[in-house]
Amino acid sequence: MPPLNYFVVESPDAVGREAYERIAADVLQDLDLIKVIDRLHIYVDPKVPIFVAAGILRHMPRAIRVSDFANVNPGEKGIVIDIGDETYLAPLLQKLWARYGKENVDQPDRFTIVLPAGVAGEEDLEHVVVADPSETLYKDVIYALQYIAPEGFKVRRQYIRDEKFYYVASEDTLPGDIVETMVRPIFAKMGVTL
């Protein structure tokens, strides 16, 4: 498992900084996020009170399409989908049921799905997105940051887009310019612009 390329915890309280280094490392390890987060910078000041975490993801997982795990074979009587990997079979069935109705989706065995010719049109089934792992990754990253943030810091602002993320939390109302005054400088320390 590759380590983070950049991991800094900054705090005016040295004991608190060391504690947050351990907490953050443990949470990221437990949630298996070390392999997807490339850089993470945390600033925590309990006197203000403020918690800011900003980071960069290594790469976003791509969407899983039907062609990634199955072959689509159009025929005269219908379209036969040959499943090569059952991992995404359940979400595929959900998509097909929503699109064509359960009564029009036949599954004679666990590796085959048949759609009748009259119901399934000319749309390109191979390119249908069945699952998007980035959706769960976003939730996992935010969950980890909520877990790392100090207890009681319930006022928060969060952002994940284009492989960049930040999470700001406090007990008090967050100022409107928090991104400009706290988050952008942290990204600048990592050599990245927000």
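A few comments on the model shown:
- Rounded to 10°, Cα long-axis angle of helix 14-30 versus longest principal axis of the chain: 10 degrees
- With the convex hull constructed from alpha-carbon coordinates only, the stretch 58-146 shows a mean projected area of 6.8 nm² over all directions.
- Computed on the Cα atoms alone, the convex hull of the stretch 108-194 gives a volume of 208 cubic angstrom per residue.
- Rounded to 0.05, the FRET efficiency of the K154 and V8 pair, given R0 = 35 Å and the Cβ-Cβ distance, is 0.90.
- Fully extending the segment from L174 to D45, taken as 0.36 nm per residue of separation minus the present Cα-Cα distance, adds 45.1 nm.
- Degrees between helix 133-148 axis and first principal axis of the chain (Cα, 0 to 90, nearest 10): 30 degrees
- Relative contact order for the stretch 50-171: 38 percent, from Cα pairs under 8 Å spaced at least 6 residues apart, divided by residue count.
- For the stretch 48-58, 3J(HN,Hα) per residue [Karplus equation, 6.51 cos²θ - 1.76 cosθ + 1.60, θ = phi - 60°, Hz, x = Gly/Pro]: 5, x, 8, 10, 10, 10, 9, x, 10, 8, 4
- Working note: Cα gyration tensor of the chain, eigenvalues times five, square-rooted, sorted largest first, giving semi-axes of 46, 16, 14 Å.
- Taking E103, E135, E151 in turn, the Gaussian network model of the chain (Cα-Cα springs below 10 Å) assigns the largest fluctuation to E103.
- Over all projection directions, the Cα-based convex hull of the stretch 24-97 averages an area of 8.0 nm².
- Violating pairs (Cα-Cα greater than 24 angstrom) within the set K102/K139; K139/K164; K95/K164; K164/K189: K102/K139; K95/K164
The numbers here are math on the coordinates, done by the rules we state, and not lab data. Predicted model only: the values in this text are computed from it and were never measured. Using ideal geometry, Cβ is built from the backbone for each residue, glycine included, and neighbour counts are taken over all protein chains shown.
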